[in-house]
Structures are given as structure tokens and as C-alpha cells.
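One structure is given here, and the rest of the page talks about it.
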Amino acid sequence: MSLLTDYEVAALLLSLKVSTVAVLCSLPLGILCAWVLARLEFPGKSVFDSLIHLPLVLPPVVIGYLLLVSMGRSGFLGGWLYDTFGFSFSFSWRGAALAAAVVSFPLMVRAIRQALEGVDVRLEQAARTLGAGRLKVFFTISLPLTAPGIVSGMVLAFARSLGEFGSTITFVSNIPGETRTIPLAMYSFIETPGAEAEAARLCVIAILISLASLIASQWLSKRAQQRTLGQC
């Protein structure tokens with residue numbers, strides 16, 4: 001007898017897919033924003049910083065509503081994407097990934113920024129004086145030394161994406177096999193009389209995945225730090 005039903009397996013696989021896509025697609029922008037906050041000084045930096053971290057304090061339903069009116073098929077940007085490219089975030093797993101990316105983005109940026117701020121600026125300056133360009137310094141010095149923070153940020157964002165509920169259900173609804181991730185499947189079970197055991201089982205699965213993500217984050221960060229120190 002299988003430990004999980006086909007319904008539960010579908011929700012689990014969809015959650016993993018959504019979280020992975022959310023993290024990978026937001027990673028380049030996350031690194032860029034972290035570098036800007038860690039290395040540059042400019043007017044309005046505090047406002048820029050606040051905007052990046054705004055999803056941490058906004059109610060998830062508000063985020064979902066903003067995504068709906070902007071990226072939905074009738075939204076000012078989502079409508080243009082659909083009319084021009086036939087691409088839509090509405091009522092699809094892509095919209096769930098977008099919602100997860102938005103709510104988890106601040107955690108990723110914060111972890112990478114802290115790692116960048118821990119890199120000795122004198123190393124970058126020494127490389128610049130030896131003739132290395134800004135991009136070469138970034139990819140050969142800053143990025144490798146920031147690897148532990150990048151790994152931590154990715155895993156934290158992945159774990160946060162797994163648990164996203166409010167913005168997802170507001171933006172792309174609760175569609176079985178398309179947008180019904182683990183939190184939404186649990187919500188459906190909780191609303192169904194006699195389905196408490198299924199909800200509890202998904203709860204345990206979510207806890208185990210999140211715990212494994214945090215343990216993996218610590219292990220990978222240590223490995224990356226050891227490799228970085230070994231190369232110095």
C-alpha cells in the first residue's frame with residue numbers, strides 16, 4: 001500500500017516544481033539587488049531597500065491581489081504578455097511560481113547581501129588595481145567568496161516558497177494538478193469533513209521537507225565555505 005495517494009503525490013511534486021522554478025528564476029535578480037545594496041551608495045537607497053523587503057511585512061493576500069491586477073490576464077502587464085506572446089500567469093503553475101518568488105525574494109537578497117558585506121573590499125580593490133574589470137572582479141572574487149550566502153539564500157527561499165499559501169490562492173486560485181501545492185491541498189483537506197488524516201500527513205511532509213532544506217543549507221554552506229577558504 002502506498003504511503004501517499006496520487007492526489008498527495010501530485011501536490012508534493014507540484015510544490016517542488018514551483019519552489020525550484022521560483023528560486024532559480026529569481027536568483028540572478030537576487031544577486032544583482034544584493035550587490036547593489038552591499039556595494040553602492042545612491043540617493044533613494046533606503047527606499048529601494050524597503051521596496052525589496054516589503055513582501056516580508058505585507059499580508060500575503062495583498063501580494064496576491066497586486067499580482068492579480070498587474071500580472072493577471074486582464075492586468076496592465078499580464079494582459080500585454082498574453083496579447084503579445086500568448087503567455088499567461090493566470091490560473092497556472094507559472095503564476096504560483098511567480099507568487100512564491102515574490103514572497104521569498106527578500107530572504108534570498110538578505111542572505112546574499114550579508115555574505116557580500118562580509119567580503120573584504122580590499123581584495124576587490126587589489127584586483128582592480130591589477131587591471132581586472134568590475135565584472136571580472138565580481139565573478140572571480142566576490143561571487144566565489146559569497147557562495148555560502150548564495151546557497152543559504154537559495155535554500156531559505158526554497159523553504160519559504162514551499163509554504164506559500166495566501167498570495168498563491170489569491171492570484172491563481174486552488175486548481176487540482178495545476179496550482180494546488182501542499183499548503184493549498186492541506187487547506188482543501190481541512191475544509192473536507194473526515195479528511196483530517198490526509199491533512200496531517202501533508203503537514204508532516206511539509207515539516208520534513210522544510211527541515212531537510214535547513215539542514216542541507218547548513219551543510220552546503222559549510223562545504224562552500226571550506227572550499228572558498230581552501231582556494232584562498
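Taking other residues whose beta carbon is less than 13 angstrom from the beta carbon of G177, and scoring Lys, Arg as +1 and Asp, Glu as -1, yields -1. For the chain, the fraction of 1.4 Å probe accessible surface lying on carbon and sulfur atoms is 68 percent. Comparing Q218, Q114, Q125 in a Gaussian network model of the chain (Cα springs below 10 Å), the most mobile by mean-square fluctuation is Q125. Inter-label distance, T84 to S70: 1.6 nm, where each label sits 7 Å from its Cα along the C-beta direction.
Roughly speaking, what is the stretch gain from T129 to A195, that is 0.36 nm per residue apart minus the C-alpha to C-alpha distance, in nm to one decimal?
Values: separation 66, 0.36 × 66 = 23.76 nm, distance 6.58 nm.
That pair, T129 and A195, stretches by 17.2 nm at full extension.
To the nearest 20 debye, what is the magnitude of the charge dipole of the chain about its Cα centre, counting +1 on the Cβ of each Lys and Arg and -1 on the Cβ of each Asp and Glu? Once rounded to the nearest 20, the dipole reads 940 debye. With a Förster radius of 41 Å applied to the beta-carbon distance between L211 and F48, the computed FRET efficiency rounds to 0.75.
Counting only chymotrypsin sites (Phe, Trp or Tyr not before Pro) that are in a DSSP loop and have at most 15 other C-beta atoms within 10 Å, tell me the longest site-free stretch of the chain. All intermediate terms of the calculation are to be shown ahead of the outcome.
Working: sites that count: F76, F87.
The answer is 88-232.
From the Cα gyration tensor of the stretch 133-232, with a ≥ b ≥ c the square roots of its eigenvalues, which class applies: rounded if a/c is under 1.5, or else prolate if a/b is larger than b/c, or else oblate? Taking the square roots of the gyration eigenvalues as a ≥ b ≥ c, the stretch 133-232 is oblate.
Could you tell me the convex hull volume per residue, in Å³, taken over the Cα atoms of the chain?
Numbers: hull volume 34.6 nm³, N = 232.
Normalising the Cα hull of the chain by residue number yields 149 Å³.
Place +1 on the Cβ of every Lys and Arg and -1 on the Cβ of every Asp and Glu in the chain, take the dipole about the Cα centre, and give the residue among H53, L13, T140 whose Cα lies farthest towards its positive end. The listed residue farthest towards the positive side: T140. May I ask you to work out the translational diffusion coefficient for the stretch 2-51 at 4 °C, viscosity 1.567 mPa s, via Stokes-Einstein with Rh from the Kirkwood sum over Cα pairs, reported in whole µm²/s? Answer from the Stokes-Einstein relation: 94 µm²/s. Evaluated on the stretch 39-115, the Kirkwood hydrodynamic radius is 13.9 Å, with distances taken between all distinct Cα atoms. Rounded to the nearest 10 degrees, the inclination of helix 93-117 to the longest alpha-carbon principal axis of the chain is 30 degrees. With both labels modelled 7 Å from their Cα along Cα-to-Cβ, the L58 to D6 distance reads 3.9 nm.
Comparing mean-square fluctuations of L107, L37, L211 from a GNM of the chain with C-alpha springs under 10 Å, the top value falls on L211. Note that the chain presents 55 Å² accessible area per residue, ligands and nucleic acids not counted, probe 1.4 Å. Here the Gaussian network model covers the chain, with springs between Cα atoms less than 10 Å apart; of A127, A11, A199, A127 fluctuates the most. Here, the stretch 1-130 has an Rg and a Dmax of 18.9, 66 Å when only alpha carbons are counted. R134 contributes an accessible area of around 140 Å² to the protein surface, as traced by a 1.4 Å probe with all chains present. Overall form of the stretch 75-193: oblate. Here a/c, set by the Cα gyration tensor axes a ≥ b ≥ c, is 1.5 or more, and a/b is not larger than b/c.
The values are calculated or read from the model by the stated rules, or taken from the named source; none is laboratory data. Bear in mind the structure is a predicted one, so any value in this text is a computation, not a measurement. Here Cβ is always computed from backbone atoms with ideal geometry, including for glycine, and neighbour counts include all displayed protein chains. Quick note on the areas: whole protein, heavy atoms, side chains included, nothing else; ligands and nucleic acids left out. Shrake-Rupley method; radii C 1.70, N 1.55, O 1.52, S 1.80 Å.
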